[in-house]
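Have a look at the structure below before the remarks.
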Amino acid sequence: MRVGILGSGRMGGKLGTIFARAGHDVVFSYARSEQKLRRLAKAARGNARHGTPAEAARQSDVLLLAVHWSRIADVLKRTGDLSGKIVVTCSLPMNAGDTRLVVAHTSSGAEALAKKLPRAKVVAAFGTVPSEVLFGVFEARRRATRPSLLYCGENAAAKKVVAALIRDVGFEPVDAGPLRMARYTEPFTLLVAQLAYEGDRGPELAYRFDWLGKRA
């Protein structure tokens with residue numbers, strides 16, 4: 001799969017590295033310096049390289065949007081047309097000080113993004129876990145029991161692609177339904193962040209859903 005990374009910070013850099021090591025063709029873009037992008041591509045090994053957001057968009061089938069909410073407009077301006085692309089967003093709609101959600105209750109950041117990209121296939125995924133847990137999950141991906149990862153979106157074909165990427169990282173995908181379910185997954189992310197960063201057990205935190213009742 002050809003995956004473009006729009007936002008090569010902690011989350012985008014780690015996921016892009018894992019995608020490359022899982023065998024995907026990855027283009028890192030949108031970081032503070034080209035030097036950082038070059039380092040990421042080199043360290044990721046496999047089929048990884050760096051480029052501009054426009055190059056990442058043009059050369060990829062799937063795009064991971066992993067920027068601060070305040071940078072959404074800028075990065076989308078630099079990508080150009082994303083018609084027909086699968087856009088996986090893990091960008092939480094936080095204010096500049098990261099103290100509260102600026103989109104909530106009656107909508108979500110994922111839905112707001114979909115309105116900006118009406119011809120793209122937007123799927124919300126990867127945002128509900130701390131970046132610190134990603135490499136550990138990937139290294140343990142062959143275990144029978146995997147941590148869960150929520151995702152949601154409108155397009156069934158796009159969601160199938162994203163579910164495959166989730167499995168490649170080492171999680172068990174849990175389909176939360178249509179994109180409006182991001183109204184619940186985005187606040188859930190704040191709970192995970194509270195436990196990961198404000199608790200005393202560290203940020204390497206994942207979660208798992210188990211259905212214990214008998215199936216019909």
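Side notes on the structure shown:
- Taking every alpha-carbon pair under 8 Å whose residues sit at least 6 apart, the chain reaches a relative contact order of 17 percent.
- Among [x] 15.7, 42; [y] 20.0, 71; [z] 16.3, 55, the entry that matches Rg and Dmax of the Cα atoms in Å as calculated here: [z]
- Shown are R71, R183, R39, whose ranking by accessible area with a 1.4 Å probe and every protein chain present, most to least, is R39, R71, R183.
- Protein accessible area in the stretch 72-186, 1.4 Å probe - carbon and sulfur %: 50 percent
- Shape of the stretch 42-166, Cα gyration tensor, a/c cut at 1.5: rounded
- At a probe radius of 1.4 angstrom, the accessible area of the chain per residue rounds to 53 square angstrom.
- Members of K14/K160; K42/K160; K115/K160 lying beyond 24 Å, as alpha-carbon distances in this model show: K42/K160
- Sites A144 and K42 - FRET efficiency at Förster radius 25 Å, r taken between beta-carbons, to 0.05: 0.15
- The aspartates and glutamates whose alpha-carbon is closer than 13 Å to the alpha-carbon of K116, local same-chain residues fewer than 8 away aside, are D74, D81.
- Nearest-10 value in Å² for the accessible area of S70, using the 1.4 Å probe: 80 Å²
- Protection-proxy order for peptides 149-158, 60-69, each taking the mean of Cβ atoms within 10 Å per residue, highest first: 60-69, 149-158
- One Cα centroid belongs to the stretch 96-115, the other to the stretch 32-52; the line between them spans 30 Å.
The values are calculated or read from the model by the stated rules, or taken from the named source; none is laboratory data. These numbers were taken from a predicted model, which means no experiment stands behind them. Neighbour counts run over all protein chains shown; Cβ positions are idealised from the backbone, glycine included. Calculation scope for accessible area: heavy atoms of the full protein, side chains included, ligands and nucleic acids excluded. Shrake-Rupley method; radii C 1.70, N 1.55, O 1.52, S 1.80 Å.
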